[in-house]
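Rule-based calculations on the coordinates, nothing more; no lab input. This one's a predicted model, so the numbers in the text were calculated from it and none came from an experiment. When we count neighbours, we look across all protein chains shown, and the Cβ atoms used for this are built from the backbone with ideal geometry, even at glycine.
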Amino acid sequence: MGLPEPAGPLLLSLTAIPVSYVVNSMSAASDPLFIAGLGVLVLLSLLVVLYYFVQGNPPQDPLFYVFAIFSFTSVIDLIIYLEEDGYLSGFMEFYMKEGEPYLRTAHGLLICLWDGTVHYLLYLIMLAAIANGKNYRAVGLFWLGSIFMSMLVFLPGNVIGKYGTEVRPAFILNVPYLLLPVWAGMRIFREKHTFTNIPAEKVEVAHTVDIFQRPIDIALILYLLGAIVFTVFRGLLVLDCPSDTCFTYIYQYEPYLRDPVAYPKVQMLVYMFYLLPFLCVSIYALLVPGCSWMLDWTIVYAGAVAQAQFAHMGSSIYHRTPYTYRIPRETWWEFMVLNIVFTLGMQLLAYRCVRNPAYFLKETKQTEEDGKKKN
């Protein structure tokens, strides 16, 4: 048997459709413990099936199994979204009642939609790369940031929000989404960069270019300064800032921050404690050459911000959010423009680093290679 092609995991992921339909028709599917146990059994069965079918020529990268199983759960999440929004019926009703009822919130459904579309596409791209022996570092880093951000907000929000009393045994099915990405991240970071062959002369020249000769970097610094202010401000809002400015903004521009589901509050705190430091050091990296860590971490944070903003912006206008917490029509455009700029700025920062990485490479490594060539 040849190296696993992405068509194999694709077909396996689509078995989520008949599996969910059959389980939904089982009478035992009303027992929370049964649902949790069945979920574990299904995941283990998928692993066994994958292992069996690749025995002839197993994949060189063990993350093949992780991405293949996660692609199956992505289809499950897409089914949840489609069913809860009325496009399907009779597939995941059992799970929404006795498994994870908090997925019926606007935030829960939108992370299901993101997982069933964006994450699903990323899994297929990475599986295709593994099958063809190609590098998938950039895609993997984007996925890593996205999946971690999703879990950092979703799990605490489930426990401390208004659905905290409805946490069922199926909650443990989220554990693989925390542990496996940690292992996957360690492997992805060890992948080789695609720009290690940049000549030392180009790196030296890039290091000598002054910030005033780099208008794009100046624009990115201005964006980062604005993003820092915006991040701190919204963090103070969810910490009950008593000023008139905070009161006006939270009631007229982002009332969703007051939603008792707690996801928006957790999201703003995650921004303040995890995104804010990176925004600050990114300004330093744009001013001081040789900060090679930017080449990886900008992609991670781009994925994190993309996922977070999709869920936050979407929940702010989604019909599942109570009307009093949705964005008022009068300030709809201001909210959208501000948040879109906040989202796209991080994507452009990552694109700038990947597109022209010479400024961020360490000059010493390149000169050592040149010295060896001369000798």
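Descriptive notes on the structure:
- Peptides 40-50, 348-358, ordered by how many other C-beta atoms sit within 10 Å of their residues on average, highest first, read 348-358, 40-50.
- As computed over the stretch 227-274, the Cα convex hull volume per residue (Å³): 65 Å³
- Segment V167-V281, length gained on full extension (0.36 nm per residue, minus Cα span): 37.3 nm
- Total lysine pairs in the chain at Cα distances under 25 Å, for residues eight or more apart or on different chains: 20.
- When each of I327, I211 is scored by the number of other beta-carbon atoms lying within 10 Å, the sequence from fewest to most is I211, I327.
- Across the stretch 103-119, rounded Karplus estimates of 3J(HN,Hα) from the backbone phi angles (6.51 cos²θ - 1.76 cosθ + 1.60, θ = phi - 60°) give 5, 7, 6, 4, 5, x, 5, 6, 6, 5, 5, 4, 5, x, 10, 5, 4 Hz, Gly and Pro being marked x.
- Fully extended contour minus Cα-Cα distance, from T15 to F189, at 0.36 nm per residue: 59.5 nm
- Neighbour-count ranking [beta-carbon atoms within 10 angstrom, fewest first] of Y223, Y284, Y274: Y284, Y274, Y223
- A simple charge model with +1 on the Cβ of Lys and Arg, -1 on the Cβ of Asp and Glu and nothing else charged puts the dipole of the stretch 7-189 at about 500 debye relative to its Cα centre.
- Here the chain was treated as a single set of alpha-carbon atoms; its pair distances binned every 20 Å from 0 give 26, 52, 21, 1 percent.
- Ranked list, fewest to most other Cβ atoms within 10 Å of each Cβ, for H107, H207, H319, H312: H319, H207, H312, H107
- Highest-first arrangement of 303-310, 329-336, where packing means the average Cβ count within 10 Å: 303-310, 329-336
- In this Cβ point-charge picture (+1 for Lys and Arg, -1 for Asp and Glu), the chain has a dipole of about 620 debye about its Cα centre.
- Highest to lowest packing among 244-257, 123-136, scored as the average C-beta count within 10 Å: 123-136, 244-257
- By the Cβ rule of 4.7 Å, the chain holds the following cysteines without a possible disulfide partner: C112, C280, C291, C353.
- Pairwise Cα distances in the stretch 155-278 exceed 21 Å in 65 percent of cases.
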